[in-house]
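Rule-based calculations on the coordinates, nothing more; no lab input. If you're wondering where the values come from, they're calculated on a predicted model, not measured in any experiment. Neighbour counts are summed over all protein chains in view; Cβ atoms, including those assigned to glycine, are modelled from backbone coordinates with ideal geometry.
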């Protein structure tokens, strides 16, 4: 669980140190601006940006019932962020599995990617697609949603 927040914590701490140095050297405005930038980076790379993660078995069970794709992701992955932001609100219609929180999810990604934990890996009707185009993923969503 802690691993998912490591990058966010590092961004926040670095921002705090840099901002403190700037404030102490007489530049409070620059310090505040840099702190805000680092906090935004921390939030963007945190699990907060993504819909709630499920376990891999639960995501597979739900996908079998409703036909929605499963997205295996991890915090800090720029390609996962790209997919999440390009999908917008529709990203909530997917089943998201954080491979840093779920060993079964990490194993599923390794099985689909020749032993590598390459994300995002999207599974649609049992078939894996590594780092697919967000518009293609949007087309895979059931139209009745």
> What residues of the stretch 47-76 lie in the reach of a label at residue 113, counting those whose backbone N is under 17 Å from a point 7 Å from the Cα along Cα→Cβ?
Replying inline: 56, 70-76
> Using the alpha-carbon atoms, what tilt in degrees (0 to 90, nearest 10) does helix 103-112 show relative to the longest principal axis of the chain?
Replying inline: 70
> Stretched out fully, how many nm does the piece from residue 14 to residue 49 gain, at 0.36 nm a residue minus the Cα gap?
Replying inline: 10.6 nm
> Which parts of the stretch 74-109 would a label at residue 128 reach, counting a residue when its backbone N lies under 17 Å from a point 7 Å out along Cα-to-Cβ?
Replying inline: 74, 80, 96-109
> Under the classification rounded if a/c is under 1.5, otherwise prolate if a/b is larger than b/c and oblate if not, where does the stretch 41-110 fall, given a ≥ b ≥ c as square roots of the Cα gyration tensor eigenvalues?
Replying inline: oblate
>> If you fit an axis through the alpha-carbon atoms of helix 28-44 and take the longest principal axis of the Cα set of the chain, what angle between them do you get, 0 to 90°, nearest 10?
In response: 10
> Going by how many other Cβ atoms sit within 10 Å of their own, how do 61, 127 line up, fewest first?
Replying inline: 127, 61
>> Rounded to two decimal places and with Rh computed the Kirkwood way over Cα pairs, what is Rg over Rh for the chain?
In response: 1.09
> Taking the chain as a Gaussian network, Cα atoms linked when under 10 Å apart, which of 85, 17, 50 shows the biggest mean-square fluctuation?
Replying inline: 17
>> Taking the number of other C-beta atoms within 10 Å as the exposure measure, put 37, 44 in order starting with the fewest.
In response: 37, 44
> Considering only DSSP beta bridges with both partners in the stretch 50-139, what is the antiparallel share in %, to the nearest 5?
Replying inline: 60
> Gaussian network model of the chain, Cα springs within a sub-10 Å range: biggest mean-square fluctuation belongs to which of 63, 25, 53?
Replying inline: 25
> Roughly speaking, what is the stretch gain from residue 79 to residue 135, that is 0.36 nm per residue apart minus the C-alpha to C-alpha distance, in nm to one decimal?
Replying inline: 18.8 nm
> Counting alpha carbon pairs within less than 8 Å and at least 6 residues apart, what relative contact order, in whole percent, applies to the stretch 2-48?
Replying inline: 50
